[in-house]
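Okay, so here's the structure we're looking at.
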Amino acid sequence: MRNLFCRRPAKAVGYRSNQWKGARAMQSKNRALQTQRSQLAARCCSALRLSGWLLALVAVGWTTVASARQLGPLLQRGLEIRNVFVEGMHQVTRQEVLDRLALKKGIAQHQVSLTYLAERVRSHPWIKEAMVERLPLHALRVTIVERKPAAIARTGSEQLVTDEEGVVLARLGTQDQTSLPLLLGLDGTLLTQGDARMRQRLRSTIELAKSMAETMEGRIEINLSHPANLVASAKGVRFHFGSDALKEQWERFMKVKAAYKMPTFEGRKHEGQEVDLRYDNRVIVRERG
């Protein structure tokens, strides 16, 4: 009786397994295989499509390279620089401009930098500005603005031509150009090296010489040996200027001259006179001792 009332041990709790048996199990297996085949076929198609695109890109790249190799010489000949036109020449010659450009034989328009060529042309001492342009199909046009001689600077026994900015344009040796004002007492080394302070002094001095030449006859000579006592002379009359505001000092003299009807300082009777403008609001005229 005891065995009749004993309970059977309970089975472990778990997920229910829906396993088909017989024909339904075979159908499920076939469906899974078909899904795997479809996925495999899709992967193969994607791989083939990607390979096709890669092959197409390679073919296009190879065609481009081959075309460039064939068209390169044609483009080179089609844009080869065969002529250079130069405008704005007065002192500078065309050959000097060509030497500064230094173009290689057979070089094409698209192979040169216009900015770089313009910088090379501007390296010529007589050329202040330069612009280079392309002209169809085989030419370049170079337009230059030349510097103008403004003064003769004497350093020792040598004469140098400078423009109004103090840039040395040429060496004259012992030759001279009497139509230009003469500057004396300059440091030749600083002048040729393009020292900034020296150029500033030259600019203001040349500006003064231009103003004096408008009312004074003869050649203007200016001695810059002493910075605090710049001495300018014309027709035997000597003017003393301070170190700063040279043009303003000259304008002060011209105003006083007009107001008080001072002599024009022309002719031999005024040779040996001095005008001192170094003191503020004063114009001192005296005989040179």
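Tabulated data for the structure shown
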quantity	calculated
Thr189 paired with Lys29, simple spin-label distance in nm, labels 7 Å along Cα-to-beta-carbon	10.7 nm
Ordering of 236-249, 171-184 by burial proxy (mean other Cβ atoms within 10 Å per residue, highest first)	236-249, 171-184
Per-pair calculated FRET efficiency, R0 = 35 Å: Asp176 and Ile284 via Cβ, rounded to 0.05	0.60
For Ala170, distant residues with modelled amide H under 5 Å away	Val161
Ranked order, Val92, Val58 - accessible area, probe 1.4 Å, largest first	Val58, Val92
Ranked packing of 197-205, 103-111, most packed first, by mean Cβ within 10 Å	197-205, 103-111
If the convex hull is drawn through the Cα atoms of segment 112-218, its volume per residue in Å³	129 Å³
Surface/4 of the Cα convex hull for segment 191-231, nm²	3.3 nm²
Whole-Hz couplings from phi, Karplus 6.51/-1.76/1.60, listed for segment 138-146; x for Gly and Pro	10, 9, 10, 10, 10, 10, 10, 10, 7
Packing-based ranking, highest mean first, of 141-151, 33-43 given that Cβ atoms within 10 Å are counted	141-151, 33-43
Extended-chain gain in nm, criterion 0.36 nm per residue less alpha-carbon gap, Glu274 and Arg252	6.4 nm
Segment 81-154 - percent relative contact order, Cα under 8 Å, separation 6 or more	41 percent
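The values are calculated or read from the model by the stated rules, or taken from the named source; none is laboratory data. Bear in mind that the values here come from a model prediction, so they are computed numbers and not experimental data. So basically every Cβ, Gly included, is an ideal-geometry build from the backbone, and we count neighbours across all protein chains shown. For accessibility, only protein heavy atoms count, side chains too; no ligands or nucleic acids. Shrake-Rupley method; radii C 1.70, N 1.55, O 1.52, S 1.80 Å.
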